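The numbers here are math on the coordinates, done by the rules we state, and not lab data. Please read these numbers as outputs of a predicted model, since none were measured by experiment. Note that each Cβ is placed from the backbone with ideal geometry, even for glycine, and that neighbours are counted across all protein chains shown.
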Amino acid sequence: MKKIGIITNVDKDRDFAYTRLLAESIKRHGGSPMMTDVLSEASSSGVPCGSEQDLIDACDYLICLGGDGTFLKAARKVYRSRIPIMGINLGNLGYLTEVDRDNIDSAVEQLMEGRFEIEKRMMLEAVVTRKGKDSITDVALNDVVITRGAVSRILHVKAYINDVFVDTFPGDGLIIASPTGSTAYSLSAGGPIAEPDTEVMIVTPICPHILYSRSFITKSDSVVKAVVADEFEHSAMVSLDGREGYEISNGDSVSVRKSGYSINLIKIGNVNFFDILRTKIYFRGESLKKHEI
């Protein structure tokens, strides 16, 4: 019997209706649902609850209910264990959480019957060096972002690839994205879209204060280093997947490379990347137009 861990964004499923529906569907199709202590209120009879680590240690698959932020948070918790993860969208865009809330039972049925594929998603490893010492190592699925702090001053970031100087980018900062992250912040900043199962890194300046600045793509075995220029007298920030943030200052650097870990994303059905791109990105823009005054 397959054990299925459930992680829910309680702000998006406040009455736990979808959490209960998911747990009941898992049991009906021959699986064993597991929940975290946070979801004990939603737990029906026979559904064990424990800590997130207990759940990760015991489950065969993980299902998260929420939006892309929920998925990213869950992915950061399970990447070391390599547990396959599926997202059910209770948010708005839901690019990573591909299963719609109305298709929960069908998705669970296909999962339990083995009618799915595993798509490996490349992760990034970032080493933040402060005052000349390697102080922090962390991972990201979407992107590593260097931005100016609270003070609204132009941030000068020097970019290197394999220790070869590329250029200095004055502006709001720099995004180093994985293919999965190419449709997130990097896309909003004018970066290119990459198919998620490719292995490249995308470097995109944020609001650059130069006319010729463009994104560029490098191989996954490269090391991209971003250095805060010495003349920048204020603090800047490094954030990973928009969740973990670290303060840096002039002379500090961030080195980003392909991580030795990847996320095993459960793909249900035959919907391809470009179908999702049209549905999630293009039609989202169209729906926003309809609500313009």
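Here are the numbers for the structure shown:
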| item | result |
| --- | --- |
| Amide N proximity, segment 87-127 versus Asn270 label position 7 Å along Cα-to-Cβ, cut-off under 15 Å | 115-117 |
| For Val166, distant residues with modelled amide H under 5 Å away | Ala159, Tyr160, Ile161 |
| Radius, Kirkwood style, for segment 123-260 when every pair of distinct Cα atoms is counted (Å) | 14.4 |
| Whole-Hz ³J(HN,Hα) from phi, Karplus 6.51 cos²θ - 1.76 cosθ + 1.60, for segment 119-131, glycine and proline x | 10, 7, 10, 4, 10, 10, 10, 10, 10, 8, 10, 10, 6 |
| For the chain, average projected area of the Cα convex hull in nm² | 16.9 |
| Neighbour cut-off at most 14 other Cβ (10 Å), DSSP loop, trypsin sites (Lys or Arg not before Pro), segment 156-237 | Arg214 |
| Bridge type composition, segment 123-260 - antiparallel percent by DSSP, nearest 5 | 100 |
| Counted charge near Met123, where neighbours are those whose Cβ lies closer than 15 Å (Asp, Glu -1; Lys, Arg +1) | +1 |
| Angle in degrees between helix 17-28 and the longest Cα principal axis of the chain, rounded to the nearest 10 | 60 |
| In segment 110-141, trypsin sites (Lys or Arg not before Pro) in a DSSP loop with at most 11 other beta-carbon atoms within 10 Å | Arg115, Lys131 |
| The chain: relative contact order in percent, alpha carbon pairs under 8 Å with at least 6 residues between | 18 |
| Within a Gaussian network of the chain (alpha carbon springs, distance under 10 Å), most fluctuating of Val271, Val99, Val78 | Val271 |
| Dipole magnitude (debye, nearest 20) for the chain, charges at Cβ of Lys, Arg, Asp, Glu | 180 |
| Relative packing of peptides 134-141, 251-258 - highest average C-beta neighbours within 10 Å first | 251-258, 134-141 |
| Gain upon complete extension [Leu93, Val164; 0.36 nm per residue less C-alpha separation] | 21.8 nm |
| Prolate/oblate/rounded label for segment 133-189 (Cα gyration tensor, a/c 1.5) | rounded |
| Rel. contact order, % - alpha carbon contacts under 8 angstrom, at least six apart, segment 124-228 | 25 |
| Gap separating the Cα centres of segment 112-127 and segment 174-193, nearest whole Å | 19 |
| Sites matching GluC sites (Glu not before Pro) across segment 74-169 that sit in DSSP coil, with at most 14 neighbouring C-beta atoms within 10 Å | Glu113 |
| The chain: angle of helix 68-78 to the longest principal axis, Cα-based, in degrees nearest 10 | 90 |
| Leading residue at positive end of dipole, the chain (Cβ point charges), from Val227, Ile118, Asn89 | Val227 |
| Ser249 paired with Ser51, simple spin-label distance in nm, labels 7 Å along Cα-to-beta-carbon | 3.6 |
